[in-house]
1. Before we go on, tell me the buried accessible area for the A/B pair, both chains summed, 1.4 Å probe, in Å² to the nearest 100.
2. For residue B:192, list the lysines whose Cα falls under 16 Å from its own Cα; do not include residues on the same chain fewer than 8 positions away.
3. Residue A:182's amide H: which non-local residues (gap 5+, or another chain) put their own amide H closer than 5 Å, with H modeled 1.01 Å from N in plane and none for Pro or chain starts?
4. Where does the protein assembly as shown land on Rg/Rh, using Cα atoms and the Kirkwood Rh?
5. Within 10 Å of each candidate Cβ there may be at most 14 other Cβ atoms; applying that plus a DSSP loop requirement, which trypsin sites (Lys or Arg not before Pro) in the range A:66-165 survive?
6. How big is the convex hull of the Cα atoms of the range A:70-179, per residue, in Å³?
7. Relative contact order (percent) for chain B, with alpha-carbon contacts under 8 angstrom and 6 or more residues of separation?
8. Run lengths n ≥ 4 of DSSP H only: what is the helix-derived mean residue ellipticity at 222 nm for chain B, with -39500 (n - 2.57) per run over all residues, to the nearest 500?
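The values are calculated or read from the model by the stated rules, or taken from the named source; none is laboratory data. Note that the structure is a prediction, hence the values are computed from the model and not measured. So basically every Cβ, Gly included, is an ideal-geometry build from the backbone, and we count neighbours across all protein chains shown. In case anyone asks, the SASA skips ligands and DNA or RNA and just uses the protein heavy atoms, side chains included. Shrake-Rupley method; radii C 1.70, N 1.55, O 1.52, S 1.80 Å.
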Amino acid sequence: MLGLNKRDFLLLLVVSAMAALTPFLFQPFAETSPLAQFNGGYPDLMAKVAIFGIFAMGFNILFGLTGYLSFGHAAFLGVGSYAAVWMFKLLSLNIFPALILAILVSGLFSVVIGYISLRRTGIYFSILTLAMAEMSYRLAYSVLTPLTNGETGLQVRPTDPRILDRNSSANYPNLFGLELSDSYQLSLGNHVFTFNVGFYVCAVFFVIAFYLSLRIFRSPFGMMLRAIKSNQTRMNYTGLNPRPYALAAFVISGMYAGLAGGLLAVMDPLAGAERMVWTASGEVVIMTILGGAGTLLGPVLGAGVIKYLENIFSKINENVLEGWFHFLPEVVREPVVWFFARFTGEGWALTLGLLFMLVVIFLPGGLMQGGQKLVGLFRRKKKSGDDATTHSTPAE
Amino acid sequence: MGILEVKDVNKRFGGLQALKDVNLSVRENTVHAIIGPNGAGKSTLLNCLVGKLIPDTGSVLFEGQSVLGRKPHEINQMGISRVFQTPEIFGDLSVLENVLIPVFARRDGAFRLHAFETVANESELIEQADAILTDVNMIDKRHAHAASLSRGDKRRLEMAMCLVQNPKLLLLDEPTAGMARANTNATIDLLKEVHEQRDITMVIIEHDMHVVFSLAQRITVLAQGTPLVEDTPENIKGHPKVKEAYLGETQQV
């Protein structure tokens, strides 16, 4: 089905179902429960997980398969956002022209950066991409202000030309008239689930992006990319030119980033240069490694974990902690609250840092490896003596 | 005219004249060995043939076409494959994938964006790969991780990766270096079989005289960057110049 074997088709179905049911999955606790603040089922977070899932999935095609570690991928995210907002300003608030231009422009941009950076490998490649992204970021603030609107950021204004839908009163991006901010709320007992048009748009693109990534992983092209990571010398002496393969992977991942940037602009039609700052490039590296570089779902998992920590953990401030530990005597409570406050609220990044360190040290294959180990343990207990391998499917 | 013609090749590294007026003609369907003491320029010569090094002067013709200035992958596409001293394989990939990659390279050339095809659907190519794995007795390891193979298996895998491309010329850089005698003999048998069954021209660089005299039909002796003699194994064995070159080396050490 769809050019996939049974197992992969099943995987695609599961991923699609999970994307469709995200509003339920991210909202496990009742509104009245004290754990309600751990609910992540609001449109903004769910959409961000889908968008950064796309971003990390694309990054994984480059880093996970070819081993080329780009430290400048946020530049393509930023370029995608700018392109999308320009389309909103000039053409129409429909999301399709915006997303198409976002993908095309970031694709072109990554051809240029990739062509230059791929002349080197290893750390020099990383430094070149980092330099290019920093350059883009600085230029967006200075010389390119007419294009980027500098520090204010690029915004949609009532005075924009919008050739195709000049007469419409819409102020926000829409899908052929359907407002992306529209939501439907479903109440079941004490649970409230939010179904948002914007999130579902992102989810559809996420599933398409996942399908394409799955096809690339199973293709001869994907095998060549893994060969690049494994041994470039042998590749050369086998009659293959690694450079165009690496460039193609770079451009594909740049286009994924452009799509993600475009979707960010679709959810909130504002593009600023801070999207291209180097920590943003670092974030996608961390997402990919945390989840498991080179695996299909790892980067998505990493993106989910990081966005969840960023949005949920950062809301747990000292007042919330006081509420949790109010049963303790004050002498104990204060230091306990102080201690946990370092890891939550503004200190969420510390939790992420520790988690990242633990994963890199104990699970070099990322959270996916952790999952596989758990499954392996479980299986071994179930039927001891059976050689159940948890390896991914071989090439045939 | 040989399949491979090396004419007046010179290569200098700084003050060292690595190759000096090297002339070499390799006839089709022969096994041609290049021997010589350490530092004689054997590896430099080989690297000039595969595009890794470019000679300062001279010409290298393969089937009448110059290989100079071409990149390694272009030279491979002309029909020259190379086996390395330490096996160069795709360690992160399965044994089958290791053999499939050269098959794809033969069919699709140096680059093709086949991102929406599926490896598993290329049953014809997989059959070719399986056939060569059967030939080198590795079919039962087709799903093994290439990095986990033993050294001997890695070498057989690398050989399979070269053979599956049906090269016209196979270059072997010390194919038995660091091997136990039993493995060396197995490699000799494999190479003999390959040569007899597939009519592949081979150029072997080798230290081990046992290997050289078991396989080679022509031998070129290289010393200090220059070919001393080129002859049949029988004539080389008792040749005074050859003895001198090797003895000279041992006396210096």
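1. On the way: alone 20040 and 12450 Å², together 29330 Å².
Chain pair A/B: roughly 3200 Å² of buried accessible area.
2. Partners found: B:168.
3. Hits under the 5 Å cutoff: A:197, A:198.
4. For the protein assembly as shown, the value is 1.08.
5. Sites meeting the loop and neighbour criteria: A:119, A:120.
6. Output value, Cα hull per residue: 100 Å³.
7. Details: 438 pairs, mean separation 69.9, N = 253.
Result for chain B is 28 percent.
8. Details: 9 runs with 98 residues, N = 253.
Calculated at 222 nm, the ellipticity per residue is -11500 deg cm²/dmol.
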